[in-house]
Amino acid sequence: MKVASFFAQHADEILRATGEHVWLVFWAMLIAVAVGVPLGILVTRRPWLSKPILGGANIAETIPSLALFGFLLPVPWLGDRAERLAIVALALYALLPIIRNTATGIEGVDRAVREAARGMGMTDGQILWKVELPLSLSTVIAGVRVATVLTIGIATIAAAVGTGGLGEFIFRGLAMVNNELILAGAIPAALLALAADFGFSLLERRFRPAR
Amino acid sequence: MAHEPHTEVAIEFEDATYRLPQGKTLLRRIRLRVAPGETLVLLGRSGAGKTTALKLINRLLEPSTGAVRVEGKSTVEWDAIALRRRIGYVIQEAGLFPHYTVGENVAVVPKLEGWSEDRQRRRVRELLALVGLEPEEFRKRYPHELSGGQRQRVGVARALAADPPILLMDEPFGALDPLTRGEVRREFHELQARLGKTIVIVTHDISEALLLATRIGLMDAGELRGVYSPREFLNATDQVAAAYLAQLRVLEEAGEEK
């Protein structure tokens, strides 16, 4: 029961760190969606861009997170503030599932539906906004779901460059060989991830088109 | 939609050839005129070029050489969107929007054309009744709650929504089971006279062609082999026509033996 009493004693600190964590993830996801969805659409419009865009996102995904934070540190404006750097790095990680799912969702729209839309005299923009995006929304959300869970985990590592968040406990705990401290970071992070996963799964189902 | 002064030819193919970018020719020098108000059925086997010909009319494809004229104007001179709004389009799988209700599906083009809500609603009711679907019962349903035959009826209603002078139908009854197909086809036959539209239908079904056509355009391997009235077709000496007629005869004989 040592862990429980530790949590009770440090409730304030844990809450503050959780808040910081959510804040980091929120901004990272916002940027990732704002960049990833248009890129996903672009991939379906210009197939020759598919390789470079998905390839690039794939490479970003394979860089070890600690190393990526290190790489970005000397970048002028980015390296000035730890949060800035962490948010951009996290957004880079979140990109791949979002781009891929957006493209998959749009490509998965029934060929007959798209052809009917074109044949009725819908413009490309109308087809995108009224047909393709609504019909692929649930697939896009599934990508955001995966990316969010991923980002909540990686955001703990951002503490290494001084962003705060739940990772702080984990790094401190590792340094001091203190399991309670590590768990004080790991358990809330895991709960956050589960909550995000559940929340997005509800959204995903809500927007799944009936077949 | 405002109707332009009547031209004598609604649709005209002028030596229209369609070649794929890779060079394969799908359609070779088609010459064909469709008069306003007539129903032309393009008959042929899969790969004969029927669907390609149809898509040249609403400019889903553009001819590689030659021209296709709609109401006297080459399709490439038309604004593609304006052209398609003047042409109803029905495809085999209906292509209804799964996230729209039946009513919303029918109202797609009227809405794009900026009709008032009230006018849209009235039109939806009118059209659902026209294709034999009780408006109050079906308006709010989604496509996945309909049978294949009902979906196809909605597809026809949607194509007619903005009262286009021309209607293109690509195997409109092809995905239906034989009994439903016969039913929907007969209903459409009755509708045809009332609509007074220029209609081009693509099919590989000889009995469908004979029932619905004022003229039959026989296609094979990317070429138009001839254009016949249904009566002329029954006496045609063309090889491909003869093959279709033989098939018809087999069916009749099988019927007589029973």
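The values are calculated or read from the model by the stated rules, or taken from the named source; none is laboratory data. These numbers come from a predicted model, not from an experiment. For neighbour counting, all protein chains shown are included, and Cβ atoms are generated from backbone atoms with ideal geometry for every residue, glycine included.
See the values below:
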| quantity | calculated |
| --- | --- |
| Among (1) touching a His at 6+ places or on another chain (Cβ under 9 Å); (2) modelled with pLDDT of 90 or more - the single one residue B:174 does not satisfy | (2) |
| Output for segment A:63-99, where each listed residue is under 28 Å from residue A:138 (Cβ atoms) and hydroxyl-bearing (Ser, Thr, Tyr) | A:93 |
| The one condition in (1) in the same structural domain as residue B:37 (by TED's automatic domain parsing); (2) of a type in the set (Phe, Trp, Tyr); (3) closer than 24 Å to residue B:33 by Cβ; (4) in contact with a helix residue (DSSP H, G or I) (Cβ under 7 Å, 6 or more places away or on another chain) that residue B:228 fails to fulfil | (4) |
| Number of the condition not met by residue B:89 [criteria: (1) part of a strand (DSSP E or B); (2) within 16 Å of the chain's Cα centre (by Cα); (3) away from every other protein chain (no Cβ under 13 Å)] | (3) |
| Residue match in segment A:28-42 (condition: part of a helix (DSSP H, G or I) and either in contact with a Gly (Cβ under 7 Å, 6 or more places away or on another chain) or among the acidic types (Asp, Glu) (or both)) | no |
| Breaking point among (1) small (Gly, Ala, Ser); (2) touching a Phe, Trp or Tyr at 6+ places or on another chain (Cβ under 7 Å); (3) surrounded by 16 or more Cβ atoms within 10 Å (Cβ to Cβ); (4) within 14 Å of chain B (Cβ to nearest Cβ), for residue A:210 | (3) |
| Residue check for residue A:153: within 18 Å of residue A:19 (Cα to Cα) and touching a residue at least 24 places away in the same chain (Cβ under 8 Å) | yes |
| Selected residue (only one of A:95, A:72 is away from every other protein chain (no Cβ under 14 Å) and in contact with a Leu (Cβ under 6 Å, 6 or more places away or on another chain)) | A:72 |
| Selection within segment B:114-166 - touching a Gly at 6+ places or on another chain (Cβ under 9 Å) and among the basic types (Lys, Arg) | B:121, B:125, B:139, B:140, B:141, B:153, B:158 |
| Residue count, segment B:175-186 (criterion: out of contact with any Lys or Arg (no Cβ under 8 Å at 6 or more places or on another chain) and under 20 Å from residue B:95 (Cβ atoms)) | 6 |
| Residue in segment B:170-188 that is over 30 Å from residue B:243 (Cα atoms) and assigned to a helix (DSSP H, G or I) present | no |
| In segment A:123-180, residue farthest from the chain's Cα centre (by Cα) [restricted to those that are surrounded by 21 or more Cβ atoms within 10 Å (Cβ to Cβ) and within 30 Å of residue B:59 (Cα to Cα)] | A:131 |
